[in-house]
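The structure appears below as structure tokens.
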Amino acid sequence: MVRRIHRLKVRAARASDVGCVQRATAPTLSQSAGVLRTPYGGLGALFVVCCLLLAGCGKEPSTSAGDAAETTPSAPPGNATVRIAAAADLRFALEEVAAEFNKTKPDVKVTATYGSSGNLSTQIANGAPFDVFLSADRSYAHRLVEQGIAAADSEFVYAIGQLALWVPSTSTLDLDKLGIKAVVDPSVRKVAIANPGHAPYGRAAEAAFRSFGVYDLVRERLVLGENVAQAAQFAESGAADVGVIPLPLAMAPAMQHKGRHWVVPCEAFPRLDQTGVVLRSAADPDAAKRFCQFLSSQRCREILARFGFLSPEE
Amino acid sequence: MDWQAVWVTLKLAALTTLVLAVLGLPLAWWLANTRWRGRALVEAVVALPLVLPPTVLGFYLLMAASPRFAPGHAVEQLTGATLAFSFEGILLASVICNVPFAVRPFAAALEAVDRHLIEASWCLGVSKLRTFWRVALPLAWPGVLTGLVLTFMHTVGEFGVVLMVGGNIPGVTRTLALAIYDDVQALDYSSANRTALVLLALATISLAVTYTIAQRRPART
């Protein structure tokens, strides 16, 4: 590489000879000769940077090959991938589910993207490359079936969602005594929920506020997360005083030890039938179906129950 | 460190910089030389991504790329793939987003080149292309380099459009900036912090190097 820079400098020197012909512009001549040499040094430097970059890129052919396999439908057997678009309340539970799934099917790679159900279903309707959609309610999954994007016979309820109030350990609010009234306590300035516009749990939180008659009082204090995980993060970081979030997030290891929660009674909001569908564009429909079957299995139900999901039969 | 995200980010930034070097330099050269009255309009369009919210661009790109609408449908018919939520999609988005970061420094640097040298070169019978390549570009090099580095680093830091058009898909469209966003939502602050520190260091170093190179020019003349 050093030799390359040297060569460029030699060329730069030659380039300055072209400048020598231009005697008519004598005052600028010396400048241009001087300047010409420097910029080519810059060119050399950029060359070096590019070479280093390319060398760095070359070191990761394995990952890029992995990417290719992920996007090519005709991936060789033994390299199957299930790409899941999952409601954000599954963020911690799904990792454990996938790990358990891989114990029996180590050849199937499971990748997940989390977001609000409404956001994900819009992305899927616009062609986002996923195989399975796990919604936090029934409506968003069902809409994809109606649009012909998800397979009609693949619709299944994998869990019933529960809602919880969460406050950090440092909070003085007595959740057991106050219940949902905690959100209208004078000490509370901000209450985090997911955006009701496209997050089912955000809508559930609003419904719960209404059914307890606190909606008008709490409305001014609401801060909207892009999805429930962001709402939970608002509460966890202390930016919001209370978070009204899915119970599975409140019970996740990352949150559980940092605060207290109170489970909102199920009657306070419309039932969240968390529904999954397999997309018709699935790259590997068999692997996708196998993962969905696993989601309905007893072993998976136990994991989900540990995170605070109710089983569909309850 | 999410190495998949590192790879996606570097690939995206390098390709964006390459595309804008190829397309942006001729445009900047034209802007630096033209006396056309519509020039102001072209300059305005070039600068548009600076002031426009990323969501505006993201929204239109998403609509255009969606297989439900005509342009995206045509692309799907031709290539069998959709632009939305694909690497090509975020590449297109980041090229558009970065036009001002490349073209404006390019044009400013090319405009600052002494016209006498360019015209002398033409008078000596050197072709216009060769003049650009051998006279204008070497003289404007610090500005061009600034544009390239800014484009690269701004692509690394692009967030809104990439999230909207790319959809945060691991290994395909999840860049480092999105990985931080994801880590924070997963309450994995230490991982977010590591990635953020790397980006902070990278941005500081690259900008310092660029400014050093840009400063060397007036010192010599």
**OP:** All but one of (1) surrounded by 22 or more Cβ atoms within 10 Å (Cβ to Cβ); (2) within 13 Å of chain B (Cβ to nearest Cβ) hold for A:Val264, so report the exception by its number.
**Re:** (2)
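Report whether or not A:Val183 is buried (at least 22 other Cβ atoms within 10 Å of the Cβ) and more than 14 Å from chain B (Cβ to nearest Cβ).
Details: buried (at least 22 other Cβ atoms within 10 Å of the Cβ): yes; more than 14 Å from chain B (Cβ to nearest Cβ): yes.
Yes.
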Original post:
Does segment A:214-234 include one or more residues that are outside any helix (DSSP H, G or I), away from chain B (no Cβ under 13 Å), touching a Pro at 6+ places or on another chain (Cβ under 8 Å) and not aromatic (Phe, Trp, Tyr)?
Top reply: yes
**OP:** Please state which of the following conditions A:Arg299 fails to meet, knowing it meets all the rest: (1) farther than 28 Å from B:Asp188 by Cα; (2) open to solvent by 50 Å² or more (accessible area, probe 1.4 Å).
**Re:** (1)
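Take the conditions modelled with pLDDT of 90 or more and either open to solvent by less than 60 Å² (accessible area, probe 1.4 Å) or not in a loop (DSSP other than H, G, I, E, B) (or both) and apply them to B:Pro67. Does it pass? Let's see the steps before the verdict.
Values: modelled with pLDDT of 90 or more: no; either open to solvent by less than 60 Å² (accessible area, probe 1.4 Å) or not in a loop (DSSP other than H, G, I, E, B) (or both): yes.
Taking the combined requirement at face value, the residue does not satisfy it.
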Original post:
What about B:Phe101, is it farther than 30 Å from A:Phe130 by Cα, at pLDDT 90 or above and open to solvent by less than 10 Å² (accessible area, probe 1.4 Å)?
Top reply: no
Subject >> The listed residue being open to solvent by 30 Å² or more (accessible area, probe 1.4 Å), of a type in the set (Asp, Glu) and within 29 Å of A:Leu304 (Cβ to Cβ), out of A:Glu236, A:Glu220, A:Glu206 >> reply: A:Glu206
Original post:
Which ones in segment A:92-116 are more than 22 Å from A:Pro285 (Cβ to Cβ), in contact with a helix residue (DSSP H, G or I) (Cβ under 6 Å, 6 or more places away or on another chain) and not in a strand (DSSP E or B)?
Top reply: A:Ala93, A:Glu96
Subject >> Some residue of segment B:145-161 being among the charged types (D, E, K, R), touching a residue at least 40 places away in the same chain (Cβ under 8 Å) and either more than 10 Å from chain A (Cβ to nearest Cβ) or farther than 23 Å from A:Ser237 by Cβ (or both) >> reply: yes
**OP:** Go through (1) farther than 26 Å from A:Ala85 by Cβ; (2) open to solvent by less than 40 Å² (accessible area, probe 1.4 Å); (3) modelled with pLDDT under 90 one by one and return the number of the condition B:Val126 breaks.
**Re:** (2)
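The values are calculated or read from the model by the stated rules, or taken from the named source; none is laboratory data. Quantities reported herein were computed from a predicted structural model and do not represent experimental measurements. A quick note on method: Cβ atoms are made from the backbone with ideal geometry, for glycine too, and the neighbour counts reach across all protein chains shown. Heavy atoms of the whole protein, side chains included, go into the accessibility calculation; ligands, DNA and RNA do not. Shrake-Rupley method; radii C 1.70, N 1.55, O 1.52, S 1.80 Å.
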